[in-house]
Structures are given as C-alpha cells and as structure tokens.
1. List pairs: first in segment 375-396 and within 19 Å of E38 (Cβ to Cβ) and exposed (fewer than 14 other Cβ atoms within 10 Å of the Cβ), second of a type outside the set (S, T, N, Q) and modelled with pLDDT of 95 or more, Cβ under 8 Å, 6+ apart or cross-chain?
2. Give segment 38-67 a look and list any residue that's in a strand (DSSP E or B) and surrounded by fewer than 24 Cβ atoms within 10 Å (Cβ to Cβ), or say none.
3. Has segment 172-192 got at least one residue that is surrounded by 15 or more Cβ atoms within 10 Å (Cβ to Cβ), part of a loop (DSSP other than H, G, I, E, B) and modelled with pLDDT of 95 or more?
4. Limited to segment 193-227, what total is found for residues that are buried (at least 16 other Cβ atoms within 10 Å of the Cβ) and within 30 Å of V292 (Cα to Cα)?
5. Report, by residue number, each residue of segment 368-384 that is of a type outside the set (V, I, T) and either in contact with a helix residue (DSSP H, G or I) (Cβ under 8 Å, 6 or more places away or on another chain) or under 15 Å from I11 (Cα atoms) (or both).
6. What's the number of the only condition in (1) farther than 16 Å from L184 by Cα; (2) more than 18 Å from the chain's Cα centre (by Cα) that I11 fails to meet?
7. Being within 29 Å of T59 (Cβ to Cβ) and of a type in the set (D, E, K, R): is that true of E335 here?
8. Would you mind stating whether V34 is β-branched (V, I, T) and part of a strand (DSSP E or B)?
Amino acid sequence: MGEAPLSDITIIDFTQVRAGPWSTQILGKLGAEVIKIERPGTGARERQDEPKQAGFSATHLSRNRDKKSVVIDLKSDRGREIAHDLTRDADVVVENFGPGAMERLGLDYETLSADNPGLVFASIKGYGDEGPHSHKKGVDLIMQAEGGIMSVTGPEGGPPVKVGQAIGDIGAGLYNVIGILTALYNREQTGEGQKFSTDLFGAIVSFLEEYIPRYEMTGENPTPYGRRHQTTVPYEVAETEDGYVAFYPAGGEDDWERFATEVIGSEKLLEYDSREERMKNYMAIAAEIHPVLKEKTTDEWMDIFDGLNWPNGPLNEVSDVIEHPQAQALDYVKEFDHEEAGEITLHGHPLHFSDSESKFEAGAPKLGQHTEEVLETHLGIDAEEVETLREEDVVE
C-alpha cells in the first residue's frame, strides 16, 4: 500500500462547528496536513458542546481527528500576520466564518492569493457568496426549513419534521471536499489556484432532487410519506411482531405478484397491477399487508426477504449500529484510545482504495497542542520567539 492520497497537501483550516470541520477531517483522513487555527481561551466552538469526556466534547472528538491545533489571536495585527504567513506555502485555505469576516481580517482570497497564486481557497457559507441572502448567516435547522427538505419529512399528513442529522452541514462539507479536490486537480493542469464556494442552502436544495421536477410536472407540492418511499409501493419500514423491518420487493411486476400472493397471501392485491395504481391506492394496500407483517418477528421477515433476494434490514438504533458486524468489519465505527479523553468510539468514513490507504493516526488535538511545532516547522519561528508571542497573547 502506498502513502495516503493527499500526503503532500497542506491545509490551513479556519473552520468551526460542523460543515467545515467535517470536510477538513475527511481531507485529513486522506493524508493532508490539516492545521486548525483556533481562537485563544476557548478554541473552536465545537469544543464547548456537551457531553464531554475528560473535558473533550463528543463533537470535537468526532470532527477534528488527524488535525494540528494552533492557537492564534486573529484580532491582533501580529496574529493576522502569522496566519497570513502560514498560507503563503499552503495548498488550501478553508473557512466558514460569517459573511465578510475573512475580508475584515485581511485573510480573504484576493489578499492571500496575491502572495500564493496556486492557493485553493474554499469558503462555506449559509447562503453562498452571491444573491440577495448572501449577507445573512445560516445554520442547518433554518436551511432545512427554508430549503424545503422539512416539507417532505415527517409523518404522512402530519407536521414538518427536521431530518435527524444536520444534513445541510454535512452535505455542504462533502461538496466542499469535492470542490477542493476538483480545484487541486485543475491546479495540476494550469498551475493556478482559485476560490471555491459552497453553502448549506444549496446543499439542501440539491437534496430535493426529483421533488423539483415532480412539482413542475404536477403543479402540486410534494408532501411527507412517513416511513414509506415517495416513488414505489411497497417500499417502507413496517411494524413487525417485535419491532420494525425495512423492505423493498425489488420493484418488478413479478416481484409484486410474489409479494402479494406468496408473502402476504392476498389475491386481492393483484388488482393493483401498476406502480401508478399502487401509489394511488397505498392506504388500501397497507390495510392488507400491515396486519400480516405484524404476525412475524423482524428476524423472521428478514429471513423470508433474504430468501427472495429482496433488500431488507431492521430498524436500528445507534447502539445497534455500533455493534453492527458490517460497520465493525469496515471500520465504520472504531474504538480509539485518546491520549487525554481515554477510550472513545468514533465514526469512520466509507473511503477504500486498492493502492493507497487513508489514515487515522491521531485523535482530536488539545487546544494549541501544535502551536510551537507548526510555527517552527512552517515559519521558522524558534521556541524562544514562540514564548515571547505567548507572553504577548498573540498565540497560545
């Protein structure tokens, strides 16, 4: 196995909370040196979240692995100068501050790229860099509402419901990784860096996907479908004797006939002989199939569906996922002995390469753990000068 794919890339990370740290953590796992710039005293905001273990928050531990923490006071002239100096030989800068913050700090793309034309500058915002809302701050819950995803999430006929995870943040973080890798590839071809931006609002809107043309075709706003899929019947999570099972009889007419007659034992269901008819008559179909599905356990139904080669699975809670054999086998959950926080279980990333390997070498850093190392390695500032900077409250 070769080195991690991005082992020659240095990233200066000005991000905090979720979207930015999520994306730079992925880049760190791919081998990039990620230097996280944090504010004195409290550090990035995700460090303050609860719960904590030995003073380390779960959110910080889960989003900041394989990074180096450098504390710089960006409110001071000398601090901004040091931050600027760190970007001169860097490959990527990532930021998700509020609108106009990097410009006020003198750390915007135009300023930094003047000294480093090959710099890739990635910006994550709530609404993006342009448009009538670009001046506004945006956070995930607001984006889920304004971006429309909440209107199609929740119980059928019920009120809108937030998606359980912050998908706007995570989606924008993933788009940010794609944009950075694309800009780095372009730099290899042209030698020039560029600014790239993405935003939570745009990520949410992109997740509407087929709902947008559906509205244009029908003139009707899509509504929530609860535990069932919006395009196919049957394709849902149904109650069993002891829990719930998710299942999908593959979608073909032969599979529908087999489901109706062999699994449910109902010739009556055969009258719904097209996908359109089944979507229109879901309630009648549900009245036939749900009582039968409650007659067996989840495991029994999974055995039946496995025998028919139909996709299926149980409704798991987080504790079940941690113990899931597939998650264990592919390191999607991983126990890690953090030098300060102790034993913790963390998520993995579904990234697998045949000729190189991603890394998970270090847990989330202590605040300012790498300040001296980074300033000496990247800027040639010796330990004595670092101590002077500490005494002046420029670094920590």
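1. Once the first residue is within 19 Å of E38 (Cβ to Cβ) and exposed (fewer than 14 other Cβ atoms within 10 Å of the Cβ) and sits in segment 375-396, its partners that are of a type outside the set (S, T, N, Q) and modelled with pLDDT of 95 or more give E392/R78.
2. Within segment 38-67, the first condition is being in a strand (DSSP E or B), and the residues that meet it are 38, 52-53, 56-57, 67.
Of everything in segment 38-67, those that are in a strand (DSSP E or B) and surrounded by fewer than 24 Cβ atoms within 10 Å (Cβ to Cβ) turn out to be K52, Q53, F56, S57.
3. Of the residues in segment 172-192, the ones surrounded by 15 or more Cβ atoms within 10 Å (Cβ to Cβ) are 172-177, 179-181, 183-184, 186-187.
From the residues that got through so far, the ones that are part of a loop (DSSP other than H, G, I, E, B) too are none.
No, segment 172-192 contains no residue that is surrounded by 15 or more Cβ atoms within 10 Å (Cβ to Cβ), part of a loop (DSSP other than H, G, I, E, B) and modelled with pLDDT of 95 or more.
4. 3
5. The answer is H370, E372, L375, E376, H378, L379, D382, A383.
6. The failed condition is (1).
7. Working: within 29 Å of T59 (Cβ to Cβ): yes; of a type in the set (D, E, K, R): yes.
Answer is yes for this residue.
8. Working: β-branched (V, I, T): yes; part of a strand (DSSP E or B): yes.
Yes; evaluated as a whole, the condition is true for this residue.
The values are calculated or read from the model by the stated rules, or taken from the named source; none is laboratory data. Since the model is a prediction, treat every value here as computed from it, not as a measurement. Heads up, the Cβs are rebuilt from the backbone with ideal geometry, glycines too, and the neighbour counts pull from every protein chain shown.
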